Amino acid sequence: MELKHIESFVVLAQELSFSKAAKKLHLSQSPLSRHIKLLEKELGKTLFQRSTQSVQLTKAGEVFLEEATMLLSQVKGAMDKLKAPIKTATKQLEIGFIRPAMLLFLPQLIKAFRQQYPHIQLNITEMNQAIAMQKGLLNRTLDVVFMHALLPLANIETHLIFYEPLKLVLPQKHPLADKQVISLPELQYESFIMFPRHVAPAMYDLFLFECAEKARFEPNILMEADPQIARIELVAHNLGITFASAGMEKMFGDEVVFKNVVSTNLVHFPMDLAWNPNNITPSLQAFISFTQSFTAAKEGTI
């Protein structure tokens, strides 16, 4: 049984006229008539009652029309699917990031990753709190994050990308704003806006130790604020001075002044890639490996 014979039958059943059906099929009436006879012979049933005046379906023809129409529809659907471009199923990754990551390297990383993995969709969300990032990784609403992992994170794996220098942030019109080099003793009469100690106890305590041992003063901590964006905004409004990661200078360079403090052991901010090891998928593993290779190749330029 040939598909063209079935198609000829269906068109003739719709038109009930050999001349009209032949025209629709772009055939002459003779091949059309031959298709119908061959089909009737193969089925062993008469499908049409023919006369010089009309063409009518027989009972057998009515039954076969329903099945033939369905068959042609299925064949057409299969052909359409084969003709359509084959698409790779889209995978998605939910990524959290802190602002310095966006300012320093994240757009370039995403562009390069998308060129190599166009079927993986990256959804990114800016976040400021490390605890919120950790929670997102553990409850699997986040797949991976870029963060300052200042404390060990339970049930989370991290990869150090690089260290960001810690810089002093001053109001633009501060008396020290024009100095090229600032030492810690010069800050003894300043009001500090610090991060809460629980955010990074070691860094907080190191700052107090450096002030006491190197500069011989106890810092005046006016207030504590988190995240660092909030601290910088407070400095911009002349409420005190603070420390922030160097990457933030690209965002706030017109509002405040970023300076290096010499002769101190104030630590740098680690920029980490973090993920839940119990939530590894092929897409996530591809992103982790790509990020590690990408940032290693860019070491010293970020």
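None of the figures in this text is laboratory data; all of them are computed from the coordinates on show. Everything quoted here is computed from the prediction, not taken from an experiment. Counting neighbours? That spans all protein chains shown, and the Cβs are built from the backbone with ideal geometry, glycine included.
Within the stretch 86-145, being among the charged types (D, E, K, R), touching a residue at least 60 places away in the same chain (Cβ under 8 Å) and touching a Leu at 6+ places or on another chain (Cβ under 6 Å) holds for one residue alone: 143. Taking strands (runs of 3 or more DSSP E) that fall entirely within the stretch 41-124, which contain at least 2 residues that are surrounded by 15 or more Cβ atoms within 10 Å (Cβ to Cβ) and within 14 Å of the chain's Cα centre (by Cα)? Ranges flagged: 91-97. Within the stretch 264-295, if we keep just the residues that are among the aromatic types (Phe, Trp, Tyr) and assigned to a helix (DSSP H, G or I), the residue that is surrounded by the most Cβ atoms within 10 Å (Cβ to Cβ) turns out to be 287.
Can you work out which of the residues in the stretch 5-19 that are free of Cβ contacts under 8 Å to residues at least 40 places away in the same chain, over 55 Å from the mean Cα position of the chain (by Cα) and within 18 Å of residue 65 (Cα to Cα) is surrounded by the fewest Cβ atoms within 10 Å (Cβ to Cβ)? Applying the filter and picking the extreme gives 17.
Checked against the criterion of being of a type in the set (S, T, N, Q) and more than 19 Å from residue 290 (Cα to Cα), the candidates 121, 134, 115 yield just one match: 134.
Per-residue answers, yes or no, for (1) closer than 30 Å to residue 141 by Cβ; (2) in contact with a Cys (Cβ under 6 Å, 6 or more places away or on another chain); (3) not polar (S, T, N, Q):
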site	(1), (2), (3)
227	yes, no, yes
242	no, no, no
250	yes, no, yes
256	no, no, yes
259	no, no, yes
